[in-house]
Amino acid sequence: MLDVRRMQVLRAVVTSGSVTAAAANLGYTPSAVSQQVAALEKQAGIALLERVGRGVRPTAAGRLLTEHAAAIGRQVAAAETALADLRDGRTGRLTVRYFATAGATVMAPALARLREEHPGVRVDLATTDPADPLPEVTRGHADLAIVVRPHGGSHEGVRFVHLRDDPYRAVLPKGHRLAAKRVLDLADLAAEPWVGGERPGPCLDAVIDGCAAAGFSPNVVVEGDDYATAQGFVAAGLGISLIPELGLTRRHPSVTVRRIRRPEPVRAIHAAVRETSLGQPALEAFLAALRSAAAR
């Protein structure tokens, strides 16, 4: 394989017209330049320079390699510029996964801020509902995912950055007997028929654990595919439901929402970041944008 550094030495000789001038420009001795060109000729298997008076000129093979050396030099310069842009956060590409209820409230404003501050960064964004997006990070398919995990949770190769706590609220049909209370004890809902709004996973675990702490297991009579559907079932009088605040940004007009205590189920929302992706300026900027959006 041809030595790229020797090709650049040849290029310096050809463009300057002599070994001595090339040596002065490169900071080498004339002998060192001659040795580099001789070694390149040996690799090429053909003469690259011919003497003309006190100088040299390239042979056809020398002109060919000089042209390629110039192209390589331009490509290396372009690579250095691109690397500097990536290192400084001016460019880059992030693969991000999230669940739907984090979209409008957290993801959308964070993306808007990232686009404003780092317009050259591309984001490959997709939801993973109903699946847990964490495996996308652990398998190396995503740099970051918005996930629900208990505080203090850990996973090898993943850093969890807490964004916000999302408390659950009781959703009751309009006119329900418990709607007269401003705050409900979770145990107040023990005897009620329930509308399920969660699939098995970390979000449902927060509800089940809260009910267990209050001394009961919910009697789920109908399952909603999502929070909007669950609200519709509640509005129809089929039961009550527990829905997190982020799932109540659009409330059904025929439901009443109340706070819960003793205990208040909460799902902790984190950014799960692949540890090998940490340190990328674009990723750090996006994390900052997510924290800002989640704090509103």
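The values are calculated or read from the model by the stated rules, or taken from the named source; none is laboratory data. What you see is a predicted model; the values in this text were computed from it and never measured. Here the Cβ is made from the backbone with ideal geometry for all residues, glycine too, and neighbour counts use every protein chain on show. SASA here: full protein model, heavy atoms, side chains in, ligands and nucleic acids out. Shrake-Rupley method; radii C 1.70, N 1.55, O 1.52, S 1.80 Å.
Being outside any helix (DSSP H, G or I), touching a residue at least 40 places away in the same chain (Cβ under 8 Å) and of a type in the set (S, T, N, Q) is true of THR256. Screening the range 120-136 for residues that are outside any strand (DSSP E or B) and in contact with a Lys or Arg (Cβ under 6 Å, 6 or more places away or on another chain) and picking the one that is modelled with the lowest pLDDT gives PRO130.
Condition check ((1) within 21 Å of the chain's Cα centre (by Cα); (2) of a type in the set (A, V, I, L, M); (3) at pLDDT 95 or above) across all residues:
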site: THR138; (1), (2), (3): yes, no, no
site: HIS141; (1), (2), (3): yes, no, no
site: ARG149; (1), (2), (3): yes, no, no
site: SER154; (1), (2), (3): yes, no, no
site: ASP166; (1), (2), (3): no, no, yes
site: ALA170; (1), (2), (3): no, yes, yes
site: GLY175; (1), (2), (3): no, no, no
site: VAL183; (1), (2), (3): no, yes, yes
site: ASP188; (1), (2), (3): no, no, yes
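Would you point out which residue out of SER254, SER292, SER241 is of a type in the set (S, T, N, Q), in contact with a Lys or Arg (Cβ under 8 Å, 6 or more places away or on another chain) and more than 28 Å from VAL137 (Cβ to Cβ)? Talk me through it step by step, then tell me what you get.
On the way: SER292 fails: more than 28 Å from VAL137 (Cβ to Cβ); SER241 fails: in contact with a Lys or Arg (Cβ under 8 Å, 6 or more places away or on another chain).
Answer to the selection: SER254.
Say we look at the range 190-200 and pick out the residues that are crowded, with 16+ Cβ neighbours inside 10 Å and not acidic (Asp, Glu); which of these is nearest to the chain's Cα centre (by Cα)? In this case the residue turns out to be GLY197.
For ALA126, all conditions in the list (1) under 12 Å from the mean Cα position of the chain (by Cα); (2) buried (at least 21 other Cβ atoms within 10 Å of the Cβ) hold save one; what is the number of the exception? With (1) under 12 Å from the mean Cα position of the chain (by Cα); (2) buried (at least 21 other Cβ atoms within 10 Å of the Cβ) applied to ALA126, the lone miss is (2). On the basis of being in a helix (DSSP H, G or I), hydrophobic (A, V, I, L, M, F, W, C) and at pLDDT below 95, does ALA179 make the cut? Against the criterion (in a helix (DSSP H, G or I), hydrophobic (A, V, I, L, M, F, W, C) and at pLDDT below 95), ALA179 qualifies. Please indicate, with yes or no, whether at least one residue in the range 202-223 is in a strand (DSSP E or B) and open to solvent by less than 70 Å² (accessible area, probe 1.4 Å). Yes, some residue in the range 202-223 is in a strand (DSSP E or B) and open to solvent by less than 70 Å² (accessible area, probe 1.4 Å).
Before we move on, is VAL147 over 30 Å from HIS252 (Cβ atoms), open to solvent by less than 20 Å² (accessible area, probe 1.4 Å) and outside any loop (DSSP other than H, G, I, E, B)? Please lay out each step first, then the result.
Details: over 30 Å from HIS252 (Cβ atoms): no; open to solvent by less than 20 Å² (accessible area, probe 1.4 Å): yes; outside any loop (DSSP other than H, G, I, E, B): yes.
Against the criterion (over 30 Å from HIS252 (Cβ atoms), open to solvent by less than 20 Å² (accessible area, probe 1.4 Å) and outside any loop (DSSP other than H, G, I, E, B)), VAL147 does not qualify.
Only one residue in VAL121, VAL147, VAL161 is in contact (Cβ under 8 Å) with a residue 12 or more places away in the chain and more than 25 Å from VAL207 (Cα to Cα). Which one? Break it down into steps so the answer makes sense when it comes.
Details: VAL147 fails: more than 25 Å from VAL207 (Cα to Cα); VAL161 fails: more than 25 Å from VAL207 (Cα to Cα).
It is VAL121.
Here is the figure for the range 159-176: residues that are buried (at least 20 other Cβ atoms within 10 Å of the Cβ) and either touching a Ser or Thr at 6+ places or on another chain (Cβ under 6 Å) or part of a helix (DSSP H, G or I) (or both) total 2. The set of residues from the range 129-139 being under 18 Å from LEU287 (Cα atoms) and either loosely packed, with under 14 Cβ neighbours inside 10 Å or of a type in the set (A, V, I, L, M, F, W, C) (or both) comprises LEU134, VAL137.
The rows are residues; the columns are (1) within 17 Å of MET1 (Cα to Cα); (2) in contact with a Leu (Cβ under 7 Å, 6 or more places away or on another chain); (3) open to solvent by less than 70 Å² (accessible area, probe 1.4 Å); (4) at pLDDT below 85.
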residue: VAL14; (1), (2), (3), (4): no, no, yes, no
residue: ALA21; (1), (2), (3), (4): no, no, yes, no
residue: GLY27; (1), (2), (3), (4): no, no, yes, no
residue: ALA32; (1), (2), (3), (4): no, no, yes, no
residue: GLN35; (1), (2), (3), (4): no, no, no, no
residue: LEU40; (1), (2), (3), (4): yes, yes, yes, no
residue: GLN43; (1), (2), (3), (4): yes, yes, no, no
residue: GLY55; (1), (2), (3), (4): no, no, yes, yes
residue: HIS68; (1), (2), (3), (4): yes, no, no, no
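Screening LEU64 against (1) open to solvent by 40 Å² or more (accessible area, probe 1.4 Å); (2) farther than 15 Å from ASP3 by Cβ; (3) of a type outside the set (Gly, Ala, Ser); (4) in contact with a helix residue (DSSP H, G or I) (Cβ under 9 Å, 6 or more places away or on another chain) leaves a single unmet condition, (4).
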